[in-house]
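The structure appears right after this line, and notes come after that.
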Amino acid sequence: MNQRLLDLYSHVSVHATADLEHEAAVELLLLVMTSDHHISEAEIEEIRHISDDSGWETDTFSFDQYLGKAMAKVRQAQSTHAIEALLDDID
């Protein structure tokens, strides 16, 4: 994985708000990767690697289980021009 991404996401919370922060990070990564209105399997795999390498996978958070919900949320924001609201929610 790109070391810069690993360094950036290695400090995402691992305590009480961990799941919410992991969800927000996935949403933000998907938003960036779909900014060209396309996402490849390689891009999905890179986000999966970030999740795995950062230790986000727990009994209460699974990238694979959250991916569909996050993608729907991002696509909805893009189609309704509500990206700013999505970013506020992510923040």
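Structure summary
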item	result
Kirkwood-type radius of the chain, with distances r between different C-alpha atoms, in Å	13.4 Å
Theoretical FRET efficiency, 1/(1+(r/R0)^6), r = Cβ-Cβ of GLN3 and SER40, R0 22 Å, to 0.05	0.55
Contour minus Cα-Cα distance for VAL32 and HIS49 (0.36 nm per residue)	4.5 nm
Within the range 12-91: Cβ-based charge dipole about Cα centre, in debye rounded to nearest 20 (Lys, Arg +1; Asp, Glu -1)	280 debye
Estimated inter-spin distance, HIS81 and GLN65, nm [label 7 Å along Cα→Cβ]	3.8 nm
Qualifying GluC sites (Glu not before Pro) in the range 20-91, DSSP loop, other Cβ atoms within 10 Å at most 16	GLU57
Rounded accessible area of ASP64 (nearest 10 Å², 1.4 Å probe)	90 Å²
Crossing angle, helix 63-79 versus the chain [Cα axis fit, 0-90 degrees, rounded to tens]	30 degrees
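The values are calculated or read from the model by the stated rules, or taken from the named source; none is laboratory data. Just so it is clear, the model here is predicted, and its values are computed rather than measured. Virtual Cβ from ideal backbone geometry, glycine too; neighbours counted across all protein chains shown. Accessible surface areas use protein heavy atoms only, side chains included; no ligands, DNA or RNA. Shrake-Rupley method; radii C 1.70, N 1.55, O 1.52, S 1.80 Å.
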